[in-house]
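As C-alpha cells, the structure follows; a few thoughts come after it.
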Amino acid sequence: MLKAIKNKKYELLASLGMVLFLVIIASILMYYLEHNAQPQAFPDIQTSMWWGIDKYLTTLGGDVYPITPVGKFISGFIAILGVGMFALPAGIIASGFIEEIEKEKLRKELLVKESQLKHAFFIEYFGPVKNIKKKVGLSHIPRRWLSLNDIKYKIGLTESSVMKVVDSSNLFRLRNVKTDGVDNAGLEYINLNTTYGQCLDRKSKLTIVNLYASIQPYFGHFSMGMADKLQANYISNEVFSSLSFLESNQLDLVHNESYNGVPDSHAALTEFKENLKELIGADGTCVFMINAARNENLMQFNIGGEIGDDSFENGNFFSDKEKLNSLFAKADMIAKNYNKKVLKHGTVGNPGQNHATNFINTELNCNLLLLHVNVEILKKKGKEYYQYIDDFASIFA
C-alpha cells in the first residue's frame, strides 16, 4: 500500500489539489450568495470556507443550509465534491495497489527465469570443451555465450521473456555476434557489481583491466578467465561506450579528459578511478587489455614507447625492465607455438594524456603493460579458445 501511495503521489496530490481548489472557490461563492439572506449563518468568508470544508469532509455541514436557489445548487456541487474527495484518491490508490501486486508477481517470475539462465551458463554439454576447461582449471567459470536459440529450445523461454530478464538483471547482456557472416543473437554473462561493470579485489599484486569488454564480443569473458586463472584483481567495463545506441551509456571510459586533470563528468568515472586506487599498489603490476585487429601478430606489448620502437628502452610505463623482458620472452614462446608474432610497439605507441593508462601511470606509479590481443582468438572454437586463455595467463603466472 505504501509503495502504491508513493508511486501515485503526483496523481494523488493533483486530485486533492483540484478538489480543494474547487471547494474553496465554491465556498467563497457561497458567502456572496447566502450572506445577505443568512448573515448569521454566513457572516464572513472564513466561516463560509469552513462550512464548505466541513460539507466537503462529512457532507453534513452542521445545521447550516443554503436557502437561495443558486446557493442550494452550489451546496449540491460541494456535496458531490465530498464524494469525489474519497472516490478519486481511493481509485488512484487502488490502481497503484494492483500495479504493485502485478509488479511483485512479475519480479518473482523474472527471478525464476534469471536463475534458469544463470544455471544454463554453468552447463557445458560439449565433451571437448568440458575437458579443456577441466584441464586448465576453469571448469567453474560460466560459458562465454548462450544463444537465443539454445535459450528458446533448451530452456523454453521466449525471446520477449529473455528481454525482460536482461532489462531487470545485472547478470546478463544481450549481444549480437556475426559468425561466418551470419548474425547470431544471444547473452553474455557479465555479473555487474559496479555502475560500469565488474570490480574483483583478490588482494593480488597483479590487476587486469579491460575497458573494451562492452564493445568487443567475448573479450570480457577472455580477460575474466585470465584473471580467474591467475587469481588477479579484475576490473572490466561492461556498460559504457561512446558508440552505444543508448544515450545513458554513451560514456568513453578509455579516452576521457578526466584522466588529464579535468573534473569527472560522470559518477562512473569517479567510481572507476577509486577502484583502480584500491586495487593497484605502487609495487603492483597492471595489465591493460586492448582488442587488436586480426593479423599475423598474436599480441603486442606497449609500455608507452614510440610506434615502431622495437625495444623497451624508451617506454616509461613499466619500470622493471628485467621482469618485462621475462614476460615478453614467455609471450614470444607462446606466439611461436601458434606461428604468430609478438611485437614491441610495432603498430602502437603512447596512447596520450586523455587515455585511462595515463591516469594509472601518473597516479598509481605501478608497472603498466598495455597488452594488445588479436581478436581472432576470441571467436575460436571452445577447445582452442580456453587453451588461449590458459596460455595468455601463463605469461603472468
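The values are calculated or read from the model by the stated rules, or taken from the named source; none is laboratory data. No experiment lies behind these values; they were computed from the predicted model shown. Methodologically, a virtual Cβ is constructed for each residue, glycine included, from the backbone with ideal geometry; neighbour enumeration extends over all protein chains shown.
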Conditions (1) buried (at least 21 other Cβ atoms within 10 Å of the Cβ); (2) at pLDDT 95 or above -> residue 330 fails only (1)
Considering the range 354-397 alone, what residues qualify as being surrounded by fewer than 17 Cβ atoms within 10 Å (Cβ to Cβ), hydroxyl-bearing (Ser, Thr, Tyr) and over 17 Å from residue 287 (Cβ atoms)? 362
Name the one entry in 308, 281, 352, 304 that is under 31 Å from the mean Cα position of the chain (by Cα) and on the phi > 0 side of the Ramachandran plot. 352
Can you give me the ranges of the strands (runs of 3 or more DSSP E) entirely in the range 271-381 with at least 2 residues that are assigned by TED's automatic domain parsing to the domain that holds residue 223 and touching a Lys or Arg at 6+ places or on another chain (Cβ under 8 Å)? 297-302, 367-374
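To keep it simple, each residue is scored yes or no on (1) over 23 Å from the mean Cα position of the chain (by Cα); (2) under 15 Å from residue 201 (Cβ atoms).
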residue	(1), (2)
237	no, no
243	no, no
251	no, no
268	no, no
275	no, yes
288	no, no
295	yes, no
In this structure, is residue 139 closer than 13 Å to residue 382 by Cα and either surrounded by fewer than 18 Cβ atoms within 10 Å (Cβ to Cβ) or modelled with pLDDT of 95 or more (or both)? yes
If I filter the range 33-51 for residues that are assigned by TED's automatic domain parsing to the domain that holds residue 14, at pLDDT below 80, of a type outside the set (Lys, Arg) and within 18 Å of residue 15 (Cα to Cα), do I get at least one hit? no
Under 7 Å between Cβ atoms, at least 6 apart or on separate chains: pull out the pairs that start in the range 164-188 with a residue that is closer than 18 Å to residue 115 by Cβ and end on any residue that is surrounded by fewer than 13 Cβ atoms within 10 Å (Cβ to Cβ) and of a type in the set (Lys, Arg). none
Total residues in the range 253-270, condition surrounded by fewer than 18 Cβ atoms within 10 Å (Cβ to Cβ) and part of a loop (DSSP other than H, G, I, E, B): 6
Inside the range 93-130, can you point out the residues that are in contact with a strand residue (DSSP E or B) (Cβ under 7 Å, 6 or more places away or on another chain) and among the aliphatic types (A, V, I, L, M)? 117, 120
Any residue at all in the range 216-223 that is assigned by TED's automatic domain parsing to the domain that holds residue 377, surrounded by 24 or more Cβ atoms within 10 Å (Cβ to Cβ) and part of a strand (DSSP E or B)? no
Filter the range 64-85 for residues that are more than 18 Å from residue 24 (Cβ to Cβ) and part of a helix (DSSP H, G or I); which is modelled with the lowest pLDDT? 72
What do you reckon, is residue 234 surrounded by 15 or more Cβ atoms within 10 Å (Cβ to Cβ), at pLDDT 95 or above and not in a loop (DSSP other than H, G, I, E, B)? yes
In the list 104, 124, which residue meets the criterion of being of a type in the set (Asp, Glu) and surrounded by 17 or more Cβ atoms within 10 Å (Cβ to Cβ)? 124
Given the options 189, 212, name the one that is in contact with a His (Cβ under 9 Å, 6 or more places away or on another chain) and modelled with pLDDT of 95 or more. 189
What do you reckon, is residue 121 in contact with a Lys or Arg (Cβ under 7 Å, 6 or more places away or on another chain), at negative phi and in contact (Cβ under 8 Å) with a residue 24 or more places away in the chain? yes
